[in-house]
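No lab work stands behind these numbers, since they all come straight from the coordinates. Computed from a predicted model, the values in this text were never measured in an experiment. Here the Cβ positions follow ideal geometry from the backbone for every residue, glycine too, while neighbour counts run over all protein chains shown.
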Amino acid sequence: MEETKRIVTRFAPSPTGKAHAGSYRTAMYAWLFARNQGGKFILRIEDTDTARNSKEAQDDIYEALSWLGIDNDEQYIQSEHLVRHQELLNKLITEDKAYISREEAKDGSGVMKDIIRFRNPNTLVTFVDLIRGPISIDTTDLGDFVIARTINEPLYHLAVVIDDHDERVTHVIRAEEHIANTPRHILLLEAFEWDIPAYAHLPLVLGQDKQKLSKRRNALPMTDYAKVGYLPEAVFNCIAMIGWNPADPGSDQELFTTEELIKRFDFARMQKGGAVFNIEKLNWFNREYIKKLSMQEFWKHAHVWLPVWIENIPSTQEMLKKIEHLFRDHIEKFSDIATLLSADDVSDRGAAEFDYFFMEPIVDEKILVWKTLKDDPDGLEKTKTYLKQVAALLAPLTEETWNYDGIKNVLIEYADQEGKGNVLWPLRVALSGKEKSPDPFEMASILGKDATIRRVLVYI
Ligand code: GLU
C-alpha cells in the first residue's frame with residue numbers, strides 16, 4: 001500500500017521590512033491548511049538578499065507570528081543552507097543544465113562578471129493551482145534565467161526550490177505575484193528530477209484604495225496592531241477572511257475561532273480576485289471580540305492603557321468597574337481607553353471624554369442651556385430652576401432606588417412636562433461638563449447620589 005505523504009506547508013518571508021496583513025494572511029493559510037490536514041508547518045526566513053535584510057524585520061516576523069498564535073513545527077534560516085545550495089548549483093553546472101556566463105555588470109560600470117544561468121529546455125509547463133485550476137506557461141519567453149549571482153551567491157529561484165525539496169514541502173502556498181516564478185521553479189525541479197509540489201497562489205490583499213497592500217502606501221506592519229491594543233484572535237479572524245469565506249452556504253457568519261477556521265479551511269471557497277483589507281471591518285471584529293472577554297481578561301488588556309493620574313484618585317478601581325460597559329461600548333482597540341481618559345493630570349481636566357467619572361467637571365454655563373432656550377433672555381435662569389427641581393426630585397431616592405430605572409422614574413414625568421431637552425440636557429452637562437456624553441440617567445446612576453446632586457446644585 002502506498003504511504004500517504006504527510007502534508008507540509010511553509011511560510012517563507014524575506015526579512016526586508018516589517019511585514020503587513022498581506023504577508024500574514026499567506027502565513028495563516030499555510031498554517032491553517034497544515035493544521036487542518038494534521039500536517040507540518042515550517043517557518044523559513046529567506047535571507048538571501050543580504051543587501052536588503054534586516055535583523056529588526058526578522059524579529060518583527062517572529063513577534064507577529066507568535067502574537068497571532070501561528071506556531072511552527074520546524075524553523076529554518078535560508079542562508080544557513082548555502083553549502084547545500086552551492087553543491088547543487090555545481091551539480092547543475094556539471095550536468096550542463098546550468099552554465100557560467102561572462103557578462104557585463106548591470107550597474108553600467110562596464111565590469112565583466114560571471115553569473116550562472118539555467119539552461120532553459122523551453123518546454124510548456126503546466127501545473128494545477130489549487131485556487132485557479134490548471135495554468136500552462138510556455139517557458140521559452142523566460143530565456144536562460146539567472147539562478148546565481150556567483151557560485152557563492154545562489155538566488156531566490158534556486159534556493160527556494162532546493163529548500164522546499166529538502167524540507168519535504170508538499171504544498172507551496174504563496175502570494176499571487178509568485179505565479180510567474182512557478183514555471184521557473186518547476187523547470188528546476190525537473191532538472192533535479194524531484195517531485196513537484198502542489199501550488200496555491202493566493203489572491204492579492206488590497207488596501208482601501210483598492211491598490212495592492214504596501215508598506216509604503218496603505219498598510220501598517222502587523223506588529224503595530226498589537227501595539228495599539230487589538231486582540232490577536234480578532235485580527236486573525238478578520239485577516240483570514242480576506243478573500244475566503246468559511247461560512248456554511250447561505251450563512252452570513254463572520255465570527256470564527258481559530259479552531260473553527262482550522263476545521264473549515266479549504267481552497268475551494270477562496271476568491272481569485274483581490275480582496276480588500278478594511279480597517280473598519282477590523283475594528284468591527286475587534287469590538288465583537290472585546291464584547292466576549294470576561295471581566296478579568298478585559299482588565300488585563302485595559303489596565304496598561306490607564307493614565308497615571310487616575311491611580312491617584314480615590315475609589316478609581318470601583319469607578320473603573322462601574323464604567324467597564326461604557327468602555328466596551330466605546331472602544332475599538334484598547335489604546336482608545338487612553339484617549340477616553342487622556343488628561344495627563346488633574347489640571348488637564350475637561351480634555352478627555354470620560355474624565356468626569358473621576359473628577360468634578362468644569363462646566364461652561366454657555367453650554368448648560370438647551371438650544372431652544374438659547375435666545376431666551378431668561379434661559380439660564382429657567383435652566384437653573386429645572387436643575388433645582390431635578391435635585392429635589394432625586395433627593396428622596398435611597399441606596400436601593402438609586403439606579404437607572406429609579407432615577408428615570410422620578411425625572412421623566414417632569415422632563416416630559418417641561419420639555420425633555422430643557423431638563424435633561426442641563427442635567428447631562430452638569431454631570432459631565434460635555435456636550436457629548438452617555439444618557440444622563442446612566443451617568444447619574446454611575447456617579448452616585450452625592451456626586452450627582454452636588455454637581456446639579458453647583459448652578460443654583
Ligand atoms: N521569500 C518570498 C517572499 O517573501 C516568498 C517565497 C515563496 O513563498 O516561495 O516573497
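Full extension of the chain between residue 324 and residue 109 yields a length gain of 70.8 nm, computed as 0.36 nm times the residue separation minus the alpha carbon distance.
How high is the relative contact order of region 1-88? Use alpha-carbon pairs under 8 Å, at least six apart in sequence, and give a whole percent. After rounding, I find 35 percent. May I ask which residue of 79, 64, 125 lies farthest towards the positive end of the charge dipole of region 58-152, with charges of +1 (Lys, Arg) and -1 (Asp, Glu) on Cβ and the Cα centre as origin? The residue sitting most towards the positive pole is 125. In the structure shown, the pairs 18/321; 292/366; 263/291; 18/113 are assessed against 30 Å; a Cα-Cα span above that value is assigned to 18/321; 292/366; 18/113.
Can you bin the chain into rounded, prolate or oblate? Criterion: square roots of the alpha carbon gyration tensor eigenvalues sorted a ≥ b ≥ c, rounded for a/c under 1.5, prolate for a/b above b/c, oblate for the rest. Prolate is the answer for the chain, as a/c is 1.5 or above and a/b outweighs b/c. Choose one of 15, 368, 187: the residue whose Cα lies farthest towards the positive end of the charge dipole of the chain (beta-carbon charges +1 Lys, Arg; -1 Asp, Glu; about the Cα centre). Result: 368, furthest along the dipole toward the positive end.
Need one number: convex hull volume per residue for region 75-224, Cα atoms only, in Å³.
Values: hull volume 24.7 nm³, N = 150.
Convex hull volume per residue, Cα atoms: 165 Å³.
Straight-line reach from residue 106: taking Cα to Cα under 25 Å and skipping same-chain neighbours fewer than 8 places apart, the lysines in range are 97. Residue exposure proxy: 401, 223, 26, ordered by other Cβ atoms within 10 angstrom of their Cβ from fewest to most, comes out as 401, 223, 26.
Which parts of region 4-25 would a label at residue 54 reach, counting a residue when its backbone N lies under 12 Å from a point 7 Å out along Cα-to-Cβ? Once the point is set 7 Å along Cα→Cβ of residue 54, 15-19 turn out to lie under 12 Å by backbone N, inside region 4-25. Between residue 248 and residue 457, the FRET efficiency from the beta-carbon distance, with R0 = 56 Å, is close to 0.45. In a simple Cβ point-charge model (Lys, Arg +1; Asp, Glu -1; nothing else charged), region 235-306 has a dipole of about 120 debye relative to its Cα centre. The packing ranking of peptides 315-323, 274-282, highest mean first, is 274-282, 315-323, where packing means the average number of other beta carbon atoms within 10 angstrom of each residue.
Full extension of the chain segment joining residue 376 with residue 91 gains 93.1 nm, where the gain is 0.36 nm per residue of separation less the Cα-Cα distance.
Of all DSSP beta bridges confined to the chain, the antiparallel ones make up roughly 50%.
Annotation for residue 260 and residue 180: the two label points, set 7 Å from Cα along the Cα-Cβ direction, are 4.0 nm apart. What residues from region 246-280 fall in the zone where the backbone N is under 18 Å from a label point 7 Å along the Cα-to-C-beta line of residue 73? Under 18 Å, as judged by backbone N against the label point of residue 73, lie 259, 262-266 of region 246-280. If you take the beta carbon distance between residue 123 and residue 100 as r and set R0 to 22 Å, what does 1/(1 + (r/R0)^6) give as a FRET efficiency, to the nearest 0.05? After rounding to 0.05, the efficiency reads 0.45. Given their separation in residues at 0.36 nm each and the Cα-Cα distance between them, residue 279 and residue 151 gain 41.5 nm when the chain is fully extended. Each Cα pair under 8 Å and six or more residues apart adds its sequence gap; the mean of these over the residue count of the chain is a relative contact order of 12 percent.
Of the residues 186, 196, the one with the fewest other Cβ atoms within 10 Å heads the list, and the complete ranking is 196, 186.
Put a plus charge on the Cβ of each Lys and Arg, a minus charge on the Cβ of each Asp and Glu, and nothing anywhere else: the dipole of the chain about its Cα centre is then about 500 debye.
PRE reach from residue 439 (point 7 Å along Cα→Cβ): which of region 316-333 fall under 15 Å by backbone N? Counting only backbone N, you get 325-326, 329. In region 21-155, Cα pairs under 8 Å separated by at least six residues give a relative contact order of 18 percent.
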